[in-house]
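Undergrad: Here it is, the structure in full.
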Amino acid sequence: MNETPTRAYAEIDLAAVRDNVRALRERAPRAELMAVVKSDAYGHGAVPCARAALDAGATWLGTATPEEALALRAAGIGARIMCWLWTPGGPWREAIEADLDVSVSGMWALDEVRAAARGAGRVARVQLKADTGLGRAGCQPADWAELVGAAVAAQAEGTVRVTGVWSHFACADEPGHPSIALQLAAFREMLAYAEKEGVEPEVRHIANSPATLTLPESHFDLVRCGIAVYGVSPAPELGTPGQLGLRPAMTLRASVALVKTVPAGHGVSYGHHYVTERETRLALIPVGYADGVPRHASGSGPVLVGGAVRRVAGRVAMDQFVVDIDGADVRAGDPAILFGPGDLGEPTAEDWAQAADTIAYEIVTRIGGRVPRVYRNG
């Protein structure tokens, strides 16, 4: 954008994205790094962040849906891209023709990708996902032999090439959780079986952001970094972004829309869950849950305005919320910062996560399309 929006905008520091990728590569020096840019790069903007991550040394990109991956290709990004969230009838042929690596968790998916490869006259790049204990996507150990055998047969017929074997942790953000060791053992066992049967994967991977930061034994050939790429800590238990060598890339800014004086006993916002105790001044912040500000943070969400951090007064509405600024010298047009790196004393995404009883992943990802993104240091 050529002009800074006046109502609200999310400022994205691409230098922070690059620095975070470099810091994560230092944590896993013997592995390649996949920058996960699903959900529009966790709300930060998939194409600019993908390019920044690749500039900093990421060699793979990851998306959930094939549509996200195809959009990266349409933007001219030629790096290796893996996508893993498929449903029957998905755009397999388009993915194959776009040279995407597609994840397969079961026989139905392998059957569909083989058929699409025949139709395209191309070899499909497939990564087999093992369910080592998360219980979401992935092939159960009891079904692994069937899937591996069929994949090896598909390789022999020339319709697929198995480029990877992978899995995903359930509790890597909880250091010492017993499931971590169990999943690692299961992954090694399922990987060894696949290799014994003739699979020769380019990449073997299970490490997500928290495992990249804390579990070097899980790094294998590739680490998949999502939230950490954007400078958000995967969990408070692991440390703040600064303690982990990361820097938050998103700052959510707004302009004060109105300031007025109200008497004591005045209700504020829907339901009057906040009532003024004395004559005071209220400032209207023109963002709400339609923009991704969590309604669950009503009465508790922190905002830097007028030189101090203040709390949402009453309910967050669809397009706006109110803060009680007491006697502060605040005027319409003055800046309000909902969250950022914290350099100016502003709240962080983690502060909003605590206020809304959720995780920081959700805070940044939910900032909607009505909020323009303004990119710095591109």
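The values are calculated or read from the model by the stated rules, or taken from the named source; none is laboratory data. Just so you know, these numbers come straight off a predicted model, no measurement behind them. Cβ sites come from the backbone with ideal geometry, for glycine too, and all protein chains shown count toward neighbours. Please note that ligands, DNA and RNA were not included when accessible areas were found on the heavy atoms of the full protein model with its side chains. Shrake-Rupley method; radii C 1.70, N 1.55, O 1.52, S 1.80 Å.
Undergrad: Being of a type in the set (Lys, Arg) and more than 12 Å from residue 229 (Cβ to Cβ), is that true of even one residue in the range 67-79? Walk me through how you get there before you give the answer.
TA: Looking only at the range 67-79, we keep the residues that are of a type in the set (Lys, Arg), and these are 73.
Now drop any that are not more than 12 Å from residue 229 (Cβ to Cβ), which leaves 73.
There is at least one residue in the range 67-79 that is of a type in the set (Lys, Arg) and more than 12 Å from residue 229 (Cβ to Cβ).
Undergrad: Can you tell me which residues in the range 251-278 are in a loop (DSSP other than H, G, I, E, B) and within 17 Å of residue 310 (Cα to Cα)?
TA: So in the range 251-278, the residues in a loop (DSSP other than H, G, I, E, B) come out as 256-257, 263-266, 269, 273, 276-278.
Selection gives 256, 257, 269, 273, 276, 277, 278.
Undergrad: Among the charged types (D, E, K, R), open to solvent by 50 Å² or more (accessible area, probe 1.4 Å) and in contact (Cβ under 8 Å) with a residue 40 or more places away in the chain: which single residue out of 118, 136 fits that description?
TA: Values: 136 fails: in contact (Cβ under 8 Å) with a residue 40 or more places away in the chain.
Going through 118, 136 in turn, just one is among the charged types (D, E, K, R), open to solvent by 50 Å² or more (accessible area, probe 1.4 Å) and in contact (Cβ under 8 Å) with a residue 40 or more places away in the chain: 118.
Undergrad: Test of understanding: among 269, 300, which residue is within 28 Å of residue 233 (Cα to Cα) and either free of Cβ contacts under 8 Å to residues at least 24 places away in the same chain or open to solvent by 20 Å² or more (accessible area, probe 1.4 Å) (or both)?
TA: Numbers: 269 fails: within 28 Å of residue 233 (Cα to Cα).
One residue alone meets the criteria, 300.
Undergrad: Taking the conditions exactly as written (among the aliphatic types (A, V, I, L, M), closer than 14 Å to residue 28 by Cβ, part of a helix (DSSP H, G or I) and touching a residue at least 60 places away in the same chain (Cβ under 8 Å)), does residue 194 satisfy them or not?
TA: Working: among the aliphatic types (A, V, I, L, M): yes; closer than 14 Å to residue 28 by Cβ: no; part of a helix (DSSP H, G or I): yes; touching a residue at least 60 places away in the same chain (Cβ under 8 Å): yes.
Considered against the rule, which asks whether it is among the aliphatic types (A, V, I, L, M), closer than 14 Å to residue 28 by Cβ, part of a helix (DSSP H, G or I) and touching a residue at least 60 places away in the same chain (Cβ under 8 Å), residue 194 comes out as no.
Undergrad: Can you pull out the residues in the range 85-132 that are under 19 Å from residue 67 (Cβ atoms), basic (Lys, Arg) and out of contact with any strand residue (DSSP E or B) (no Cβ under 6 Å at 6 or more places or on another chain)?
TA: Hit for the range 85-132 is 93, nothing else.
Undergrad: Restricting the search to the range 208-250, which residues are more than 17 Å from residue 39 (Cβ to Cβ), assigned to a helix (DSSP H, G or I) and of a type in the set (A, V, I, L, M, F, W, C)?
TA: Answer for the range 208-250, where residues must be more than 17 Å from residue 39 (Cβ to Cβ), assigned to a helix (DSSP H, G or I) and of a type in the set (A, V, I, L, M, F, W, C): 211, 213, 238.
Undergrad: Another question, if that's okay. Is it the case that the range 156-172 has a residue that's free of Cβ contacts under 8 Å to residues at least 24 places away in the same chain, under 24 Å from residue 25 (Cα atoms), under 30 Å from the mean Cα position of the chain (by Cα) and surrounded by fewer than 22 Cβ atoms within 10 Å (Cβ to Cβ)?
TA: yes
Undergrad: What residue, among those in the range 333-347 that are within 21 Å of residue 250 (Cβ to Cβ), out of contact with any Gly (no Cβ under 9 Å at 6 or more places or on another chain) and assigned to a loop (DSSP other than H, G, I, E, B), is most open to solvent (accessible area, probe 1.4 Å)?
TA: 344
Undergrad: Please work out which one of (1) at pLDDT 95 or above; (2) in contact with a helix residue (DSSP H, G or I) (Cβ under 9 Å, 6 or more places away or on another chain) is the condition residue 222 fails and give its number.
TA: It is condition (2) that residue 222 fails.
Undergrad: How about the range 176-209: which of its residues are of a type in the set (A, V, I, L, M), open to solvent by 50 Å² or more (accessible area, probe 1.4 Å) and out of contact with any Gly (no Cβ under 9 Å at 6 or more places or on another chain)? I'd like the intermediate steps shown before the answer.
TA: At the first step, the residues of the range 176-209 found to be of a type in the set (A, V, I, L, M) are 180-182, 184-186, 190-192, 194, 199, 203, 206-207.
Those left that are additionally open to solvent by 50 Å² or more (accessible area, probe 1.4 Å): 181-182, 185, 192.
Residues satisfying the conditions are 181, 185, 192.
Undergrad: Considering 371, 322, 330, which residue is in contact (Cβ under 8 Å) with a residue 24 or more places away in the chain, in a strand (DSSP E or B), more than 12 Å from residue 294 (Cβ to Cβ) and of a type in the set (A, V, I, L, M)? Give the steps one after another, and end with the answer.
TA: Numbers: 371 fails: in a strand (DSSP E or B); 330 fails: in a strand (DSSP E or B).
Among 371, 322, 330, only 322 is in contact (Cβ under 8 Å) with a residue 24 or more places away in the chain, in a strand (DSSP E or B), more than 12 Å from residue 294 (Cβ to Cβ) and of a type in the set (A, V, I, L, M).
Undergrad: Separate question: Of everything in the range 272-297, what is acidic (Asp, Glu) and buried (at least 21 other Cβ atoms within 10 Å of the Cβ)? Give them in sequence order.
TA: Pass one, the range 272-297, residues acidic (Asp, Glu): 277, 279, 291.
Hit for the range 272-297 is 291, nothing else.
Undergrad: Which condition breaks for residue 153 when tested against (1) out of contact with any Pro (no Cβ under 7 Å at 6 or more places or on another chain); (2) more than 25 Å from residue 108 (Cβ to Cβ); (3) open to solvent by 40 Å² or more (accessible area, probe 1.4 Å)?
TA: The failed condition is (2).
Undergrad: Let me ask something else about it. State all residues of the range 190-212 that are touching a strand residue (DSSP E or B) at 6+ places or on another chain (Cβ under 8 Å), more than 16 Å from residue 163 (Cβ to Cβ) and not hydroxyl-bearing (Ser, Thr, Tyr); if no residue qualifies, say none.
TA: 190, 207, 208, 211 - these are the residues of the range 190-212 that are touching a strand residue (DSSP E or B) at 6+ places or on another chain (Cβ under 8 Å), more than 16 Å from residue 163 (Cβ to Cβ) and not hydroxyl-bearing (Ser, Thr, Tyr).
Undergrad: Residue 148: in a loop (DSSP other than H, G, I, E, B), modelled with pLDDT of 95 or more and farther than 30 Å from residue 240 by Cα, yes or no? Lay out the reasoning, then the answer.
TA: Numbers: in a loop (DSSP other than H, G, I, E, B): no; modelled with pLDDT of 95 or more: yes; farther than 30 Å from residue 240 by Cα: yes.
So residue 148 does not fit the description; no.
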